[in-house]
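Have a look at the structure below, then the notes.
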Amino acid sequence: MTHPERSSDHRDYQRVPRVVTAMARDERHGVTARPHSHERAQLLYATSGLMRVTTDLGVWILPPRRALFIPPGVVHYWTSIGTVTMRTIYIEADAVRQYGDACRVIEVSALLRQLILALLEEPIEYPMPGRGEHLAMLILSELEAAETVPIAIPWPRDRRLVAVCAAIVADPGSTRTIEDHAADVGASARTLIRLFPQETGLHYRQWVQQVHLAEAFGRLAQGHSVGAIAAALGYASPSAFTAMFRRILGRTPQHYLTEWRTPVQAE
């Protein structure tokens, strides 16, 4: 089977006789992909813009310098938030079995970013041996060393909890209590509190904090100040929001704000 030199169709990358392939695709704001899966693992990454990625088990918000590792066969769909320059890679299943069958967010280092962009300069079926093969091996090495970011919004299956979670995600700065949500879905607050860890693995407040972190990352990537983010998410002060952020991630939001304001090499 022959393959095009370049393509924006993910189907052209699944059976290429190369361990790693890279695809470039640009999307306007508000585009939503249909639910789909891949034969290969995917590192879903965009050099600019935001993406919201959804599976049956969770929701992730991906700003620049974050990527989502999606194992082979996992059904997912994404929505572009702003203009998105997607620069994603596909990896043979055998090369990533050690990563398991769960999605995870990783930090995209400056080196990994440049390696992905460099591989995009090669044809899909790049010559072997050659530059493309070397880049592919370096990508795998850098991926293995990448830091996992503990940000995920696990999604429930119970219809009452789904309604509550959808309402929280739609308005993450809302001051509504769990009692308010319980009244909306015809359940008691005690029932919802019990269901959260059963359905998501997180207690109610922990789950809400994950929503806040995801929202904060998106706003930080758009250049919002820490004070503005804290106010939008309903925190009493920027210091209270920063304390929550640092307790979970080990870094302050100011750290990421400074990092994302640092210019990167143009593509």
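The values are calculated or read from the model by the stated rules, or taken from the named source; none is laboratory data. Values in this document were obtained by computation on a predicted structure and should not be read as measured data. All Cβ positions, even for glycine, are placed from backbone atoms using ideal geometry, and neighbour counts span all protein chains on display.
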> Within the range 56-73, how many residues are surrounded by 19 or more Cβ atoms within 10 Å (Cβ to Cβ), outside any strand (DSSP E or B) and at pLDDT 90 or above?
Replying inline: 2
> Could you give every pair whose Cβ atoms fall below 6 Å, whose first residue belongs to the range 11-36 and is in contact (Cβ under 8 Å) with a residue 24 or more places away in the chain, and whose second residue is in a loop (DSSP other than H, G, I, E, B) and of a type in the set (D, E, K, R), counting only separations of at least 6 or pairs across chains?
Replying inline: Gln14/Glu39; Gln14/Arg40; Val16/Glu125; Val19/Glu92
>> I want to confirm something. Restricting to the range 238-261 and keeping residues that are part of a helix (DSSP H, G or I) and β-branched (Val, Ile, Thr), which single residue is modelled with the lowest pLDDT?
In response: Thr258
> Would you pick out the residues in the range 115-135 that are within 22 Å of the chain's Cα centre (by Cα), outside any loop (DSSP other than H, G, I, E, B) and in contact (Cβ under 8 Å) with a residue 40 or more places away in the chain?
Replying inline: Ile116, Leu117, Leu119
>> Among the residues of the range 22-29, are any of a type outside the set (Lys, Arg), modelled with pLDDT under 90, surrounded by 17 or more Cβ atoms within 10 Å (Cβ to Cβ) and in contact with a helix residue (DSSP H, G or I) (Cβ under 7 Å, 6 or more places away or on another chain)?
In response: no
> Does Ile151 qualify as being touching an Asp or Glu at 6+ places or on another chain (Cβ under 7 Å), in a loop (DSSP other than H, G, I, E, B) and under 26 Å from Leu50 (Cα atoms)?
Replying inline: no
> Residues of the range 94-105 being within 17 Å of Thr55 (Cβ to Cβ), surrounded by fewer than 18 Cβ atoms within 10 Å (Cβ to Cβ) and hydrophobic (A, V, I, L, M, F, W, C), which ones?
Replying inline: Ala102
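Rundown of residues vs (1) modelled with pLDDT under 85; (2) part of a loop (DSSP other than H, G, I, E, B), yes/no style:
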site	(1), (2)
Asp184	no, no
Leu192	no, no
Leu195	no, no
Trp207	no, no
Glu215	no, no
Gly218	yes, no
Gly223	yes, yes
Ala236	no, yes
Glu267	yes, yes
>> For the range 73-98, give me each residue that is aromatic (Phe, Trp, Tyr) and within 20 Å of Ile153 (Cβ to Cβ).
In response: Tyr77, Trp78
> Could you list, in sequence order, the residues of the range 75-105 that are out of contact with any Leu (no Cβ under 8 Å at 6 or more places or on another chain), under 20 Å from Ser8 (Cα atoms) and of a type in the set (A, V, I, L, M, F, W, C)?
Replying inline: Val75
>> Out of Ser48, Ser80, I need the residue that is of a type outside the set (Lys, Arg), in contact with a His (Cβ under 9 Å, 6 or more places away or on another chain), assigned to a strand (DSSP E or B) and in contact (Cβ under 8 Å) with a residue 12 or more places away in the chain. Which one?
In response: Ser80
>> Checking the condition of a type in the set (A, V, I, L, M) and either surrounded by 20 or more Cβ atoms within 10 Å (Cβ to Cβ) or touching a Ser or Thr at 6+ places or on another chain (Cβ under 6 Å) (or both), which residue from Leu249, Leu202, Leu192 passes?
In response: Leu192
